[in-house]
Amino acid sequence: MFRRLEAAGTGAAPGRTVRISVDGGAIECREGDSVAAALLAAGMPACRDTAVSGTPRGPFCMMGVCYDCLVGIDGRANQQACMTRVREGMAVVRQTGAREVSA
Amino acid sequence: MNHAATTHDTLACDLLVIGAGPAGLAAATRAAGLGLDTVLIDEQPAPGGQIYRAVTTTPVQDRDILGADYWHGLGLVEPFRRSGARHVAGAMVWAVNRTEDGGFEVAYTTSADGLAGLLHCRHVILATGAQERPFPVPGWTLPGVITAGAAQILLKTSGVVPEGTTVLAGGGPLLYLLAWQYLNAGVKIHSILETTPPGQWRQALPHAWGFLRSPYLGKGLKLLRAVRAAVPIVSGVTALEAVGGERGHLTEVRYEAGGERRSIAVDQLLLHQGVVPNTNLSRAIGAEHVWSQRQDCWEPQVDGWGATSVAQVTIAGDGAGIAGAMAAEHRGRVAAVHAAKALGRIDAAARDREAAPHRAALALATRGREFFEALYRAPAQFRRPVGDTIVCRCEEATAEQVRQAARMGCQGPNQMKAFLRCGMGPCQGRFCGLTVGELIADEQGRHPRDVGYYRLRFPIKPVTLGEIASLPQTDHSRSAVVRFKK
């Protein structure tokens, strides 16, 4: 689990709150957070199940290199959560396995 | 849909600098100062790169937490902002192509609108920096396991820190810097599992003279003393494994030290085994690369100016070989002076005169590096995994699969793509390339330098068809898709 320094009253300035939804549930984030940071701070270390074996994965490098934090954002799949800033009202969905081709 | 915003105007400049870390910021500032029309393009919304990540926007305002070396980055951002160089933030460069007039056409996507744009320039300085060395241990893909660099980015950008039982594992200065920053922030660390062999200091000893006269000594010892006083350190860890629970998240870390096996119930494992140059762009651009025997990684072949084997492409900073943030800054300035000469802005005499102070500062900043490199050289068993350990995180290829393919006569990393799809996922080999090379070398009794590396092409990061379609139409792009009449 991760926490925010400001919650403990040490060393971090409180920022403006931004609300996003993750799989339909609302979470509060700090303006300037990446989606990946927001997920980790909200106690969600996994953001997808892999397309190959279906095992859970989460943010790993936080700098756009590893592509393990892929999520759906506002209807677009495979977005890098660590490279995307939270925006008020953003809808994030966790990705589960490979996409199926619809008939 | 707003049709006015479906295409970017094509930018034009003398010099394009890619990456806004210390090398890129210093290069762009110096180049603009020498009268070059300069654009700095960077993936992040704010300048700083990874080492000075979010230095202008971080919520961590207590300066003692991140330390003076971090805040040094502000001293690079301010002059850059006043320099006249243009900053294109939140933009990912995915292709650099030579144009007929000897310049470059660069394609990038801006994250704010998801549109691709083109930029024309006459010289490119790559300042794309480093990434963490792959540290493939069993369970390193579990949620709950992140890199130490990732943990540090969370702290810098969001003031987010681990809670519960946290273990740091690996070796290298960044691991201890992160531990020190956590101590300053009041974050509890359960222990540090140090994988650097205790006897490795003997290999480092011949380089001690430079280290003793370097600025690293005082700072490093102070930091190490503070960490050692507060965090239990297990030295000589020879094996490491992350174990997941029912939900597939990390629950336990198992390790071996001094011949004994032990286990810790954990919430987080932060891994670090040093950093290596980020070579995807420099390789795709066609620059020659060489194997660094001292650092066990590939780096672009550059001369004292940062010039590569490709005309008008220069590399500055850790992307040209790991030497640290202070060195990156000076290498950025040297590269800028070289670019000004290459573009005919100054003559050779002026170039040499302008570069002299930067070269002197660079020599000072790199003094003592060899000591670090020898001391923190990643042990072979953590570079060359065995068994079911995942090597390619994207395609989930294991060490044994790669080794088996190598035993079957796989010619090298490129053929490994055909065998196992290794390196074919979205990260494009960034987290498996070095490991795959080392494993083929191991199985075939060859040297990694002879095994080679993946052939990389543009786009260097995945782009969508929509992004490509949003590129401004040029005569070339039109003629490329026009059918000839039969």
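The values are calculated or read from the model by the stated rules, or taken from the named source; none is laboratory data. From a predicted model like this one, the values you see are computed outputs, not experimental measurements. Note that each Cβ is placed from the backbone with ideal geometry, even for glycine, and that neighbours are counted across all protein chains shown. Only protein heavy atoms, including side chains, enter the accessible area calculation; ligands, DNA and RNA are left aside. Shrake-Rupley method; radii C 1.70, N 1.55, O 1.52, S 1.80 Å.
Does any residue of the range B:42-51 turn out to be hydrophobic (A, V, I, L, M, F, W, C), open to solvent by 10 Å² or more (accessible area, probe 1.4 Å) and more than 25 Å from residue B:305 (Cα to Cα)? Taking every residue of the range B:42-51 in turn, at least one turns out to be hydrophobic (A, V, I, L, M, F, W, C), open to solvent by 10 Å² or more (accessible area, probe 1.4 Å) and more than 25 Å from residue B:305 (Cα to Cα). Taking the conditions (1) in a loop (DSSP other than H, G, I, E, B); (2) in contact (Cβ under 8 Å) with a residue 12 or more places away in the chain in turn, residue B:303 satisfies each one other than (2).
Evaluation of residue B:165 against the conditions (1) within 7 Å of chain A (Cβ to nearest Cβ); (2) touching a residue at least 40 places away in the same chain (Cβ under 8 Å) shows that the sole unmet condition is (1). Among the residues of the range B:339-356, just one is open to solvent by 30 Å² or more (accessible area, probe 1.4 Å) and either under 27 Å from the mean Cα position of the chain (by Cα) or modelled with pLDDT under 95 (or both), namely B:342.
Among the residues of the range B:378-395, which ones are polar (S, T, N, Q) and either surrounded by 15 or more Cβ atoms within 10 Å (Cβ to Cβ) or assigned to a loop (DSSP other than H, G, I, E, B) (or both)? If the condition is that a residue be polar (S, T, N, Q) and either surrounded by 15 or more Cβ atoms within 10 Å (Cβ to Cβ) or assigned to a loop (DSSP other than H, G, I, E, B) (or both), then B:389 is the only one that fits. For the range B:396-411, a residue qualifies if it is in contact with a helix residue (DSSP H, G or I) (Cβ under 7 Å, 6 or more places away or on another chain), over 13 Å from residue B:435 (Cβ atoms) and not in a helix (DSSP H, G or I), and exactly one does: B:410.
Anything in the range B:222-233 that is open to solvent by 30 Å² or more (accessible area, probe 1.4 Å) and not basic (Lys, Arg)? List them, or say none. Reasoning before the result, please.
Here is the first cut: in the range B:222-233, the residues open to solvent by 30 Å² or more (accessible area, probe 1.4 Å) are B:222-226, B:228-230, B:232-233.
Selection gives B:223, B:224, B:226, B:229, B:230, B:232, B:233.
Scanning the range A:22-36 for residues that are more than 7 Å from every other protein chain (Cβ to nearest Cβ) and open to solvent by 30 Å² or more (accessible area, probe 1.4 Å), we see that the one that is nearest to residue A:77 (Cα to Cα) is A:23. Checking the range B:251-274 against the condition returns no match, with no residue being crowded, with 16+ Cβ neighbours inside 10 Å and modelled with pLDDT under 95.
Remark: pairs (first residue in the range B:247-269, under 23 Å from residue B:187 (Cβ atoms); second residue among the basic types (Lys, Arg); Cβ separation under 7 Å; 6+ apart in sequence or on different chains) = B:255/B:262; B:263/B:254.
Just checking: which of the strands (runs of 3 or more DSSP E) contained wholly in the range A:37-103 hold 2 or more residues that are more than 10 Å from chain B (Cβ to nearest Cβ) and either open to solvent by less than 30 Å² (accessible area, probe 1.4 Å) or closer than 28 Å to residue B:391 by Cβ (or both)?
On the way: elements: A:70-73, A:76-80, A:91-96.
Per the criteria, A:70-73, A:91-96.
Scanning the range B:247-272 for residues that are in a strand (DSSP E or B) and farther than 22 Å from residue A:57 by Cβ, we see that the one that is farthest from the other protein chains (Cβ to nearest Cβ) is B:260. Against the conditions (1) within 14 Å of chain A (Cβ to nearest Cβ); (2) free of Cβ contacts under 8 Å to residues at least 12 places away in the same chain; (3) open to solvent by 30 Å² or more (accessible area, probe 1.4 Å), residue B:398 satisfies every one except (3).
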